[in-house]
Amino acid sequence: MSSALEFDVVILGGGIAGLTCAVGLLDAGLRLAVIERDALLGGRARSWADPTTGDPVHVGPHIVTDCYPNFFRLLERLGTADRVVWEPESLLYTMFDGDRAIELRRSSLPPPVQMLATLRADPALGLLDLASNGGPARVALGLDEQEVLRLDGLDGSAALDALGVRPAMQRRYWQFAAMSILNTPLERVSAGSLLRTFHHAITRDAVRVGFPGVGLGDLFVPGARAAVEAAGHPVWTSTTAAEIVGTDARATGVRLADGRLLRARHVVSTLPPGDLAALLPESWQQRAGLDALRWFSPVPYISVYLWFDRRITARQFWARSYHPDDLNCDFYDYANIYPDWGARPSLVGSNIIDAARVAHWSDAAIVERTREELLENLPAARAATLRHATVHRIPLAVQAPRPGFEARRPPARAPVDGLLLAGDWTRTGLPSSMESAAASGWRAAELVWAHAGRPQALVQPLPSRGRLARVLMAASRVAPWPSRLRRATTRRV
Ligand SMILES: Cc1cc2nc3c(=O)[nH]c(=O)nc-3n(C[C@H](O)[C@H](O)[C@H](O)COP(=O)(O)OP(=O)(O)OC[C@H]3O[C@@H](n4cnc5c(N)ncnc54)[C@H](O)[C@@H]3O)c2cc1C
């Protein structure tokens, strides 16, 4: 039998959560190893050079916001924060209705009224529609984690119906928010996830949207890998973890698919829940916190990149107003994002979210329909010729936050000593995202530091809430929920 390799911490997964955890432990004087199945690091935030053009393409277009303190802590540590390109300060985002561009601007009014001021720019929303957001605002302002779990059994449409939100408001704001932020249609999303996201949105200034000005993975992969390897720790790619080994009481290491055994005092899993379940002994999977790993279900994406023969817009990013028959949700012209692009023609990326509905379409059909949707928004682009296109089929973008999701997200400390859980889907209080992944990675590193008797504060809080929002939050906490919502949540307990 071959002898085991000894480590203090083995980190499974080389995406944002795994690399953040490794970076968070660099000064701890511990022996680390990072294990990544794929040939590329970066996980669901990886990028590469397109083989035909050599241009950097992300697995699919991603945005960051200035409300990502944990992700930016990583970039600052790696010296790459300045490679994020920001939208103009005044713009929240542009929404296209056919060929009509609706500029949704950031308002200087204090939260929570800033959002109403922004949404007034949408001609499809009348005053009564806007006012009907008062119900969810009242509930979201007063929301605590207990109430998130109370709402978690309910779907988004049922909650908004119970709160009297008018159909136009559901269609124009909530359907769009559910798809673009939570990647799940309103009628299938957890009302707990939805209203907590709304809470974050209305208690702080409107976010500013940013984009990677380089390949997405280039923001963090080369810097994190170099820092970890320079400190003498291995980062193994194309290396699959096959089993987390241990006794009934604790995890003691990892068996790799090539048969090697890595012994460790801490195993940090940043794997998606299905991959993690495949590695765990059956008996551990009966324990609270590990017993729901197979319940989670992935949201697939299809991302499309189109290379044109000329510039087709001066915009960086725009979204389509929600329509259930549409394929694409959001478009990006990297000619207006990558700072060193020069005068070259447009490279447009787009995201088809919840893509199972078109998984059977051919690449050619997806490209054609994506082009049609693009031309619907930008008719002037009709004269442009498509030079090259790629279609990225992505089986997992995030775990679907369907009803029951929040209750099943496990905390970082697993019910087995020596095993820590991280990843965007774990219990961070944030929507599954790069920010959630980074926060979970810092948190796992904190727990390892604490175990070594040297506690460190690594997780960054979200920016502070506005003063008016804090006053209204206090008032909302003492006000009972509207009776229709109380009845709807009780029925589902
Ligand atoms: C197309 C697309 C668009 C998105 N848009 C946004 C956006 O705009 N903004 C945003 O914030 N987020 C967005 N996301 C989500 C974001 O990318 C993820 O939340 C984040 O990257 C997850 O990071 P993670 O480290 O938690 O998990 P992962 O990146 O999934 O890392 C887990 C790693 O574990 C590896 N692994 C699995 N099994 C094994 C095994 N047995 N052995 C070894 N390694 C294993 C995997 O290969 C993977 O690299 C998007 C995702 C996609 C795909």
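The values are calculated or read from the model by the stated rules, or taken from the named source; none is laboratory data. This one's a predicted model, so the numbers in the text were calculated from it and none came from an experiment. Please note: Cβ atoms are built from the backbone with ideal geometry, for glycine as well, and neighbour counts cover all protein chains shown. Accessible surface is based on the protein model in full, side chains and every heavy atom, while ligands, DNA and RNA are left aside. Shrake-Rupley method; radii C 1.70, N 1.55, O 1.52, S 1.80 Å.
Under a Cβ-only charge scheme (Lys and Arg +1, Asp and Glu -1), can you give me the dipole magnitude of the chain about the Cα centre, in debye to the nearest 20?
My answer is approximately 1260 debye.
Taking the Cα centre of the range 207-313 as the origin and placing charges on Cβ (Lys, Arg +1; Asp, Glu -1), which of ALA251, LEU216, THR270 is farthest toward the positive end of the dipole?
LEU216
Report the semi-axes of the equivalent ellipsoid for the range 332-463 in whole Å, largest first, where each axis is √(5λ) for an eigenvalue λ of the Cα gyration tensor.
Working through the eigenvalues yields semi-axes of 41, 20, 12 Å.
Please work out how much accessible surface HIS360 shows to a 1.4 Å probe, ignoring ligands, DNA and RNA, in Å² rounded to 10.
Answer for HIS360: close to 150 Å² accessible.
Considering only protein heavy atoms, with the full assembly of protein chains and a 1.4 angstrom probe, order GLU368, GLU282, GLU147 by accessible area, largest first.
Order by accessible area, largest first: GLU282, GLU368, GLU147.
Sort the chain into rounded, prolate or oblate with this rule: let a ≥ b ≥ c be the square roots of the eigenvalues of the Cα gyration tensor; rounded if a/c is under 1.5, and if a/c is not under 1.5, prolate when a/b is larger than b/c, oblate otherwise.
The shape class here is oblate.
So if I place +1 on the C-beta of Lys and Arg and -1 on the C-beta of Asp and Glu, and nothing else carries charge, what would the dipole magnitude of the range 40-128 be about its Cα centre? I want it in debye, nearest 20.
340 debye
Just to confirm a number: summing +1 for Lys and Arg and -1 for Asp and Glu over residues other than ARG171 whose beta-carbon lies under 14 angstrom from that of ARG171, what do you get?
The answer is -4.
With +1 assigned to the C-beta of every Lys and Arg and -1 to the C-beta of every Asp and Glu, and no other charges, what is the dipole magnitude of the range 419-493 about the Cα centre in debye, to the nearest 20?
The calculation lands at about 680 debye.
Quick one: if you stick a label point 7 Å off each Cα along the C-beta vector at ARG260 and ARG484, how many nm between them?
Between ARG260 and ARG484, the simple spin-label model gives 6.0 nm.
Evaluate the relative contact order of the range 54-153 (contact order divided by residue number), counting alpha-carbon pairs under 8 angstrom at least 6 apart; express in whole percent.
11 percent
Among 320-326, 49-55, 394-400, 172-178, what's the highest-first ranking by average C-beta atoms within 10 angstrom per residue?
Going from most to least packed, we get 172-178, 394-400, 320-326, 49-55.
Once Lys and Arg get +1 and Asp and Glu get -1 on their Cβ, which of ILE63, GLY232, LEU458 lies farthest toward the positive end of the dipole of the chain?
The listed residue farthest towards the positive side: LEU458.
At 222 nm, what helix-only mean residue ellipticity would the chain give, in deg cm²/dmol to the nearest 500, using -39500 (n - 2.57) for each DSSP H run of four or more?
Value at 222 nm, helices only: -8500 deg cm²/dmol.
Note the full-extension length gain between TRP86 and ASP309 as 0.36 nm times their separation in residues minus their Cα-Cα distance, in nm to one decimal.
The TRP86-ASP309 span can extend by a further 77.7 nm.
Need one number: % antiparallel among DSSP beta bridges in the chain, to the nearest 5.
70 percent
How high is the relative contact order of the chain, in percent, with contacts defined as C-alpha pairs under 8 Å that are six or more residues apart?
Once normalised by length, the contact order is 25 percent.
Could you give the semi-axes, largest first, of the ellipsoid that matches the range 1-87, computed as the square roots of 5 times the alpha carbon gyration tensor eigenvalues and rounded to whole Å?
Taking √(5λ) for each Cα gyration eigenvalue gives 28, 19, 10 Å.
Heavy atoms only, probe 1.4 angstrom, no DNA, RNA or ligands counted: give me GLU446, GLU76 ranked by accessible area, highest first.
GLU76, GLU446
Taking the mean number of other Cβ atoms within 10 Å as a proxy for protection, how do you rank 289-297, 331-339 from highest to lowest?
331-339, 289-297
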